[in-house]
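A.B. asks: Before I ask anything, here is the structure I am working with.
The values are calculated or read from the model by the stated rules, or taken from the named source; none is laboratory data. Bear in mind that the values here come from a model prediction, so they are computed numbers and not experimental data. Every residue, glycine among them, receives a Cβ derived from its backbone with ideal geometry; neighbour counts consider all protein chains shown.
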Amino acid sequence: MGEDWKTEVSKCSKCGKCHTVCPVFLETGDEAMVSRGRISLAEALRDQQIVYTNKLRDYVYSCKKCMRCRKDCPSGVDYEIIISALLRGVAENMGIPLLPKIIFRYILPRRILFDTMLKVSSKIQRFIPMKKRGQMRHLPLLFMGKRWIPTLAKKTALQKFRNTKKLKNPRMRVGLFTGCLINYIYVDIAEAVVDVLNKMNIEVVVPQGQLCCGTPSSSMGDVKSSRKLAEVNRKVFESQGLDAIVSACATCTKTIKMDYLRTLGPSWKPISDKIYDISEFIYKYCGEEYETKPIEEKVTYHDPCHLLWVRGISDEPRNVLKKSSNFVEMDMAGSCCGGGGIFTIIHYDLTLKMLERKVASIERSGADTVATNCPGCVMQIADGFAGKNSKIKTTHSIQILQRALANGNINREK
Amino acid sequence: MKLFKKTKKEETKGTKALNELIRVLGKEKVLSAIEDRICYSYDSTKQKALPDIVIRPDDTSDISNTLKIANKYEIPVYARGAGTGLSGGAVPLMGGIVFDLKSMNKIIEICPEDFVATVEPGVVTKDLQDEVAKHGLLYPPDPSSAAFSTIGGNVAECAGGITGLKYGVTRDYVLALEIVLPDGSVINTGRKTLRSVTGYDLTRLFIGSEGTLGIFTKITVKLIPDPERIDTLAAFFSDRDDAIDAADLIIDNNILPRTLEFMDQMSINAVRGYGEVTIDEDVKALLLIDIDGTEESIRHELSVVENACKEKKALRTKVAETSKERDALWAVRRIISPALYNVATHKINEDICVPRSKIKEMLQKVDQINEHHTVYIANFGHIGDGNIHVNIMYKDDPGQEELAESIVNKIMEEVIASGGTISGEHGIGNKKSQFLELEISPQVFAIMKRFKNFFDPKGIMNPGKMFVT
Amino acid sequence: MIQARVFEELCDNVGRENVFDNIEERVCYSFDATKEKHLPDLVIRPHTKEHVSTTISIANKYNIPICPRGAGTGLSGGAVPVKGGIVLDLKNMDKIIEINAKDLTVTVEPGVVTKDLQDEVARLRLFYPPEPGSAEFSTIGGNVAECTGGMTGMKYGVTRNYVLALEIVLPDGSIINTGRKTLRSVAGYDLTRFFVGSEGTLGVFTRITLKLLPLPEKIGTITSYFKNIDDALNTTDSILIKSHFLPRSLEFVDKTGIDAVRGFTKEEIPEGVEALLLIDVDGNEKSVVNDISKIEVLCKENKALKTLVAKTDDERKILWDTRRSISPSLFRIASMKFNDDICVPRSKVREVLKRVYELSKTYSIQVAAFGHIGEGHIHLNLIYDEGKAADLSVHKLISQILKEVVSIGGTITSEHGVGDTKSEFIGLELSPHEIEIMKELKKMFDPKGIMNPGKIFV
């Protein structure tokens, strides 16, 4: 990453179109909390008009990094270059808070340490009262008394799928990039991926030694840590000789498929081309060939920002859901659920407002279940419903397919 | 003016004013951190000037109180909607106080039976349009920026937009205004009735006054029943003149389309690849036409329009089949202005309006002026009204800016000679103030200045705009 | 009285043949359609803008009031020289200077009769929409000075929406041009629209550029009779709100209005009719036929006693003659009339009418109500016989009505202007501060107060 952001900021025509799509600006109407404003701040930094301050940091952290503005930008500004530079600048000039720094630098790169730390947490959580439908109170926010997150799994996905099933004549062999949320919390999503792909005669391996994709650290501007993680992941996956790599996490997919091209350089391209979101993969390689017995529940779909706005994927997951359930569309399916990273902690009130909108959209759709393709969104939306004691279930779309396949027959010959 | 630096005297003045503002309005409405000031320093002209204070008012009294203080200390004041203007209207050229009116964005009332709506200035135009549409009503003025610009800004600049030929411009829809004058006093002009002629038309005087006379705090607009249906047709031409002829022929056939938009080759090149519309390489000009009305009337008018295009050698025409297709076509038209930055990094944005019979000639003159293609010029706009956005794009290279400016000068002279105006809808701001006297006689200019002095004797309202000071 | 040397100076500059000081001419220019009378000292009939300019600069020099006059058909006293002085009879400046069909603009002198302009542009299949009831005899200059609305306002707006540029002689005799002959212009303050509706108190228009539209292919007309006002008003709601029609005209006449024209027009209005709606729709042939039949159904659904669809242009004319004859026909009921042209939010029309009829009973003064009901506009005509007692109660009744109209958000004048007949009431609608601003602006243009004194402001 170089100085390319300095020229990128000049491209902004200040037209204001990002006002229409920015989920944060929709809530605040604050020019400092929309891409155009942040770009002008970056310009001022470039021109040495300002320096890094707490206020500036808060404005930089107010970005959801959904990248929706980039998709609609008439002047073709690559906002991601600018926001990454700002985040990096914040980290370099103001430092990263100690706890995240320890986690990014020393724990995330060391799987055993990470496991141990979380194992301790999972022991502790047993003593925490007040669980609701599998969700418990978020530790740092315990005293805010509002937030519900799911409990940690006893056995991580990596541990559970150390040895996956070998198929006789698999038509493909793919690797699963689990990502942290699926590895530690939503192991059932990993299970669904393995199960579904196996049923489609696709062999799945879960390469051991894979680490966090690096989003948490890069989103706090800790480029160094992110690069370290990327390099380890490269080694782990390059050596496997896989036909494809899939992930059920929209953010991880975006990071390893797209951001790694910048972090690791063009040599990552051959691998990057083989990385898919799970629904994207199924749509591309299995098409309409599989047979299902759709479940009766009404299911709607929430578009994760990193899948829809970064990668333009919207039909593929819907296609999977239409084949496996009684699918209904919700209004504003592409609007951000508010979940994700440091934003939810620093701008907790905004997170809640965005979540409220999302929950209302889902309720209006009349769905029994909301499916999505990102464990981060699953966690956020489930939190919204847990707080309301709602009957609406939140799940990953692959889990809906898993249930529909359990009901039907698979035509393996094709 | 840098309120907090410069001379000692000014420093005390600025500090005093700031303290007073904080005392009267409360800390959370008064922003003075550099990070905030930067975010309110620009508009869509890409100009920048740093304000000293940003005020985020909640209501009329916040604005009135601020103006009283600003007037007392003679501190410049600027109204800002979404900062999407194209003439510099919201740029705080002389420093001072910027009002971020986005914080006043309530739709106060929609009275479907009365065909009126009253809003605060910070309401986004499209939000109002969407809200009244729920009642089967239409607020017709529709600038390209409608999805993000505000009603307050639209009224201050008297925005026109794409529906002007059939429905008129912003001034035709404003019925009443609540205005805070520079001394902090509040007046109400007009009436919330569809007609009123009581006294002088102060409402119209303030519309298009570009924030130089007062600040709107409530705006009452007229609505009309929403047409049953809109159909959109795109016609592609291999020759610019053919497209202009086709536009003429459509109107000659007594059709008054809801919109009649023109794009030349450079504009098409700038947007090619955006969204889901593909435009073939052989297309050198394009007309984008909306017809609204009832199903029967549209069918008839659409066939007249299609025939007119074919008669004028359109390569092909395409009627949007779905609302998604329609939106995609319009998305392309609406983003031309910012998309031009894909052509070159600098832009001078003109929005001339000439009698429709002079368009062809005018565009030829523009070609001649830029004979050696030293800069890039894109022409697009509301051809039915004769309102053409002439955008001069140039690169960072030395000498380019001067060149672009000399080209603009020549174009402006031609526009005036052909009976046209230097601004159809963007306003004068500071970007066009040097040309105002080309169009307006010294006497009329003096009258305008007297109006300004009458309302704003201390010259605190949006200084540096409209008049060269 | 105008001094002899001033008279000489005027004659020298505009020609003796254009200056009239004989009593016969002066009498003929002493009134307008309000029946008010004030004798001017001189009548000057300019033929050019230079005539207008020199007349005004001489008047300015000697502090002589100037009262511009179009056809003298106004309904608020705008052309009545209440302070004497000079009446400028602009009827002779009646040239249509140019019609630019392709540009959709036309430039005229102020004395052109509105209908003449409409007919002239219609030959080129163009359309000038504003159409006051007096279109056949009032002038464009007068229309612009009062910002008249007219029958087509519902769909097409009012005069101010069509004025693009003005040539104006200011009170010091100087000539300015405002606006541009383009369909759009926002260069500088909107002086054009500021002068529209200024009632001759700021300057005299010598050239007016107007916007035109393509002429609609066809106009369809339907009249519908109702046994009470509520049914008629419900019908307007059905048309506008429930069915989203935007008719070219949507006119209403009440029982008193109907009774005044009954027997006078060729239209046979059944007995027992207490309200009438007259509706025009325009557009292409097919859509007009369609719209009319849909509107006919809506009328019937709302208990219309009878509907009549015009089948020919002559039939159209008959139906419209009824509407246009109301105002003058009211003089057949009584010799005096006071015109109010209020406008209220549409949703308040019912309430206002009810109140007006109550007050009419209380004060024993007959009131006819009719007008552009689609816009919430009503002409209230108070009809009475001459006499001091009547004058007094008419005044009380008007005050009461206007007070209530303003209190529910209405306006005291929607197209006739304030003139001198309503100047005492502007304080109901405008705050002292707002009136002060207007007066100051007046002073800015006309420091000596020679332009149409006694109008708008008391």
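A.B. asks: Could you tell me whether segment C:417-429 includes any residue that is over 24 Å from the mean Cα position of the chain (by Cα) and more than 10 Å from chain B (Cβ to nearest Cβ)?
C.D. replies: No, that holds for no residue.
A.B. asks: If you don't mind, another one. Taking the stated definitions as given, is residue A:356 out of contact with any Asp or Glu (no Cβ under 8 Å at 6 or more places or on another chain), outside any loop (DSSP other than H, G, I, E, B) and surrounded by fewer than 21 Cβ atoms within 10 Å (Cβ to Cβ)?
C.D. replies: Criteria met by residue A:356.
A.B. asks: If you don't mind, there's one more thing I want to ask. Name the residues in segment C:24-47 that are over 22 Å from residue C:420 (Cβ atoms), of a type outside the set (Lys, Arg) and at pLDDT 95 or above, would you?
C.D. replies: C:46, C:47
A.B. asks: For segment B:244-259, give me each residue that is in a loop (DSSP other than H, G, I, E, B), in contact with a helix residue (DSSP H, G or I) (Cβ under 6 Å, 6 or more places away or on another chain) and surrounded by fewer than 19 Cβ atoms within 10 Å (Cβ to Cβ).
C.D. replies: Listed by number, the list holds a single entry, B:253.
A.B. asks: Among the residues of segment C:315-342, write down those that are assigned to a strand (DSSP E or B) and over 19 Å from the mean Cα position of the chain (by Cα).
C.D. replies: Matches in segment C:315-342: C:336 only.
A.B. asks: I would also like to ask the following. Could you check how many residues of segment B:354-406 are among the β-branched types (Val, Ile, Thr) and more than 30 Å from residue B:166 (Cα to Cα)?
C.D. replies: Of the residues in that region, 3 qualify.
A.B. asks: For segment B:30-47, give me each residue that is under 16 Å from residue A:42 (Cα atoms) and more than 8 Å from every other protein chain (Cβ to nearest Cβ).
C.D. replies: The answer is B:37, B:47.
A.B. asks: List pairs: first in segment C:178-190 and more than 7 Å from chain B (Cβ to nearest Cβ), second at pLDDT below 95 and not in a loop (DSSP other than H, G, I, E, B), Cβ under 7 Å, 6+ apart or cross-chain?
C.D. replies: Once the first residue is more than 7 Å from chain B (Cβ to nearest Cβ) and sits in segment C:178-190, no partner that is at pLDDT below 95 and not in a loop (DSSP other than H, G, I, E, B) comes close enough.
A.B. asks: Just to be sure before I move on: is residue C:406 crowded, with 18+ Cβ neighbours inside 10 Å, away from chain B (no Cβ under 11 Å) and either over 24 Å from residue C:142 (Cβ atoms) or in contact (Cβ under 8 Å) with a residue 24 or more places away in the chain (or both) in the structure I sent?
C.D. replies: no
A.B. asks: What's the number of the condition residue C:174 fails, among (1) surrounded by 23 or more Cβ atoms within 10 Å (Cβ to Cβ); (2) at the interface with chain B (Cβ under 9 Å from one of its Cβ atoms); (3) more than 30 Å from residue B:137 (Cα to Cα); (4) touching a residue at least 24 places away in the same chain (Cβ under 8 Å)?
C.D. replies: (1)
A.B. asks: I would also like to ask the following. How many of the residues making up segment B:36-46 are closer than 15 Å to residue B:337 by Cβ and of a type outside the set (Ser, Thr, Tyr)?
C.D. replies: Selection size over segment B:36-46: 2.
A.B. asks: Another question, then. Wholly within segment A:214-328, which helices (runs of 4 or more DSSP H) include no fewer than the required count, namely at least 3 residues that are hydrophobic (A, V, I, L, M, F, W, C) and in contact with a Pro (Cβ under 9 Å, 6 or more places away or on another chain)?
C.D. replies: A:223-238
A.B. asks: Another one. Looking at the structure I just gave you, is residue A:306 in the same structural domain as residue A:400 (by TED's automatic domain parsing) and under 20 Å from residue A:81 (Cα atoms)?
C.D. replies: yes
A.B. asks: If I ask for residues that are in a helix (DSSP H, G or I), touching a helix residue (DSSP H, G or I) at 6+ places or on another chain (Cβ under 7 Å) and not hydrophobic (A, V, I, L, M, F, W, C), which ones from segment C:36-87 would you list?
C.D. replies: Residues satisfying the conditions are C:51, C:54, C:55.
A.B. asks: Mind listing just one residue for me: the one in segment B:185-240 that is more than 13 Å from chain C (Cβ to nearest Cβ) and closer than 30 Å to residue B:445 by Cβ and, of those, surrounded by the fewest Cβ atoms within 10 Å (Cβ to Cβ)?
C.D. replies: Only one residue tops the list, namely B:217.
A.B. asks: Do you know which of the residues in segment B:396-414 that are under 22 Å from residue B:85 (Cα atoms) and touching a strand residue (DSSP E or B) at 6+ places or on another chain (Cβ under 8 Å) is nearest to the other protein chains (Cβ to nearest Cβ)?
C.D. replies: Taking the candidates together, the pick is B:412.
A.B. asks: Give me the residue from segment A:383-411 that is part of a loop (DSSP other than H, G, I, E, B) and surrounded by 13 or more Cβ atoms within 10 Å (Cβ to Cβ) and, out of that set, modelled with the lowest pLDDT.
C.D. replies: Per the criteria, the residue is A:410.
A.B. asks: Residue A:40: part of a loop (DSSP other than H, G, I, E, B), of a type outside the set (Val, Ile, Thr) and in contact (Cβ under 8 Å) with a residue 24 or more places away in the chain, yes or no?
C.D. replies: Taking the combined requirement at face value, the residue does not satisfy it.
A.B. asks: Moving on to the next point. Are there any pairs with C-beta distances below 6 angstrom linking a residue in segment B:144-165 that is within 14 Å of chain A (Cβ to nearest Cβ) to a residue that is of a type in the set (Phe, Trp, Tyr), with the two at least 6 apart or on different chains, and if so which?
C.D. replies: Filtered contacts from segment B:144-165: B:152/B:216.
A.B. asks: Any idea which of (1) more than 27 Å from residue C:237 (Cα to Cα); (2) within 14 Å of chain C (Cβ to nearest Cβ); (3) not aliphatic (A, V, I, L, M) is the one residue B:135 doesn't satisfy?
C.D. replies: Condition (1) is where residue B:135 drops out.
A.B. asks: Considering only segment B:352-385, state which residues are within 13 Å of another protein chain (Cβ to nearest Cβ) and either assigned to a helix (DSSP H, G or I) or polar (S, T, N, Q) (or both).
C.D. replies: B:356, B:357, B:358, B:359, B:360, B:361, B:362, B:383, B:384, B:385, listed by residue number.
A.B. asks: Further question: Out of (1) buried (at least 23 other Cβ atoms within 10 Å of the Cβ); (2) over 28 Å from residue A:221 (Cα atoms); (3) not assigned by TED's automatic domain parsing to the domain that holds residue A:382, the odd one out for residue A:317 is which?
C.D. replies: For residue A:317, the failing item is (3).
A.B. asks: Right, something else. Might you let me know whether segment B:260-270 holds any residue that is under 29 Å from residue C:292 (Cα atoms) and either over 23 Å from the mean Cα position of the chain (by Cα) or crowded, with 21+ Cβ neighbours inside 10 Å (or both)?
C.D. replies: Yes: one or more hits.
A.B. asks: Could you go through segment C:373-384 and let me know if any residue there is outside the structural domain of residue C:254 (by TED's automatic domain parsing), without any contact (Cβ under 8 Å) to a residue 12 or more places away in the chain, more than 26 Å from residue C:250 (Cβ to Cβ) and outside any helix (DSSP H, G or I).
C.D. replies: Looking for residues that are outside the structural domain of residue C:254 (by TED's automatic domain parsing), without any contact (Cβ under 8 Å) to a residue 12 or more places away in the chain, more than 26 Å from residue C:250 (Cβ to Cβ) and outside any helix (DSSP H, G or I), one finds none in segment C:373-384, hence no.
A.B. asks: Could you list, in sequence order, all residues of segment B:98-107 that are out of contact with any Lys or Arg (no Cβ under 7 Å at 6 or more places or on another chain) and touching a residue at least 60 places away in the same chain (Cβ under 8 Å)?
C.D. replies: Listed by number, the list holds a single entry, B:104.
A.B. asks: If we only count helices (runs of 4 or more DSSP H) wholly inside segment C:96-202, which ones have 2 or more residues that are under 28 Å from residue B:350 (Cα atoms)?
C.D. replies: C:191-195
A.B. asks: Let me ask something else about it. Within segment C:403-458, can you find the residues that are under 18 Å from residue C:200 (Cβ atoms) and assigned to a helix (DSSP H, G or I)?
C.D. replies: C:423, C:426, C:438, C:439, C:441, C:442, C:443, C:444, C:445
A.B. asks: Of (1) more than 22 Å from the chain's Cα centre (by Cα); (2) within 7 Å of another protein chain (Cβ to nearest Cβ); (3) of a type in the set (Val, Ile, Thr), residue C:158 satisfies all except one. Which?
C.D. replies: Condition (1) is where residue C:158 drops out.
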